[in-house]
1. Do we have residue 100 as under 21 Å from residue 193 (Cα atoms) and surrounded by fewer than 20 Cβ atoms within 10 Å (Cβ to Cβ) here?
2. How about segment 295-309: which of its residues are in contact (Cβ under 8 Å) with a residue 60 or more places away in the chain and crowded, with 17+ Cβ neighbours inside 10 Å?
3. Where residues in segment 94-111 are in a helix (DSSP H, G or I) and within 13 Å of the chain's Cα centre (by Cα), which of them is farthest from residue 219 (Cα to Cα)?
4. Of all residues in segment 52-64, which are on the phi < 0 side of the Ramachandran plot and touching a residue at least 60 places away in the same chain (Cβ under 8 Å)?
5. What are the residues in segment 308-325 that are over 19 Å from residue 421 (Cα atoms) and out of contact with any helix residue (DSSP H, G or I) (no Cβ under 8 Å at 6 or more places or on another chain), if any?
6. Only one of these conditions is not met by residue 55: (1) surrounded by 12 or more Cβ atoms within 10 Å (Cβ to Cβ); (2) within 22 Å of residue 268 (Cα to Cα); (3) more than 30 Å from the chain's Cα centre (by Cα). Which number is it?
7. Among the residues of segment 400-414, write down those that are outside any loop (DSSP other than H, G, I, E, B) and surrounded by fewer than 23 Cβ atoms within 10 Å (Cβ to Cβ).
């Protein structure tokens with residue numbers, strides 16, 4: 001196969017469901033000697049048919065001119081494009097109904113590329129709290145070196161509360177981007193995306209568009225679709241549910257074609273595109289994404305029920321426990337298609353009890369990351385969010401007794417039994 005010429009046309013004029021399209025979308029066996037699955041294109045460079053063709057490809061790839069409406073951008077160099085990644089990017093657009101996608105060599109690579117592309121000296125980024133520890137560090141310790149200032153708001157804030165925070169900081173005139181991670185890591189608090197989208201529009205002008213960027217890693221592309229609630233761009237740590245087997249590191253960004261062009265251009269020069277082997281592994285993983293995430297969600301509901309009633313658990317943070325009396329229930333019903341498989345909970349006691357519990361786990365593994373087939377547990381305060389100052393952690397709701405649990409695909413009775421014996425040690 002010289003390259004993927006165009007997206008696959010749906011058969012018999014029927015629009016297939018996303019899980020069906022994951023088997024073949026963007027690829028045809030006749031392009032690769034009849035191979036049922038897309039091969040791994042383990043090559044650094046590609047041969048041009050003519051010098052003129054090479055010139056045209058580079059002009060578009062380097063942003064020197066706009067790609068023509070009927071022009072097909074050919075393959076150049078695997079830092080710029082590769083068949084495995086192009087097919088993967090096509091398939092990733094399906095879940096979010098996005099126009100374009102770019103894949104990266106890590107979730108942080110996707111996040112940092114987007115923020116560096118759309119923020120400059122003097123700009124303000126308004127962000128939800130808490131954030132994943134790596135994103136928090138990027139916003140508070142790296143972006144200030146480039147003259148970018150940040151203003152935070154609690155994830156569960158109302159539109160009026162966010163307005164008040166922005167007004168008190170007098171940052172509205174320089175607001176360039178709103179960054180939301182929802183559900184929040186590790187508290188599972190929801191950010192109202194419609195409110196943030198409206199806020200972005202209010203602070204936009206003819207010559208200055210305020211963007212809403214959403215990290216959708218926790219619920220993944222199945223249980224939440226931020227673009228449908230006003231987000232401009234959606235970022236993922238594809239290491240998590242999209243990869244789903246704890247055997248790769250990758251990131252992704254999806255959104256409209258005009259914004260994604262600039263993201264892809266900066267990716268070209270930062271050189272942080274995923275490699276062909278990772279792309280091929282992600283293509284494999286997408287075929288079972290719905291099966292895995294559906295199983296994990298069902299298992300989490302069983303685990304959540306067990307934890308909620310346990311005497312040694314002081315509080316659970318799980319979307320499946322939200323009810324009509326909860327302030328965030330309306331946001332959940334409007335914005336989410338499922339509760340996902342992430343559960344945090346506070347043990348009765350403190351860090352010592354949390355450590356005893358974690359050290360006693362057997363089936364559930366003590367490790368960071370999430371979204372893999374195996375269940376994982378970690379201690380946010382001293383692990384994933386260790387760089388956040390203790391007083392800031394408390395303000396954000398991250399306690400010394402909190403444990404974050406990513407529920408896997410094991411039998412739910414076995415997961416519960418392991419949690420039960422570990423709680424006995426706490």
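The values are calculated or read from the model by the stated rules, or taken from the named source; none is laboratory data. Being a predicted model, the structure only gives us computed values, none of them experimental. Here the Cβ is made from the backbone with ideal geometry for all residues, glycine too, and neighbour counts use every protein chain on show.
1. yes
2. Scanning segment 295-309 gives 295, 296, 297, 299, 300, 303, 306, 307.
3. 109
4. Result: 61, 62.
5. Residues satisfying the conditions are 317, 324, 325.
6. Exception for residue 55: condition (1).
7. Taking segment 400-414 as the starting set, the residues that turn out to be outside any loop (DSSP other than H, G, I, E, B) are 402-406, 412-414.
Selection gives 412, 413, 414.
A quick yes/no check of all residues on (1) within 25 Å of residue 290 (Cβ to Cβ); (2) buried (at least 20 other Cβ atoms within 10 Å of the Cβ):
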residue: 191; (1), (2): yes, yes
residue: 201; (1), (2): no, no
residue: 211; (1), (2): no, yes
residue: 218; (1), (2): yes, yes
residue: 237; (1), (2): yes, yes
residue: 246; (1), (2): yes, no
residue: 252; (1), (2): yes, yes
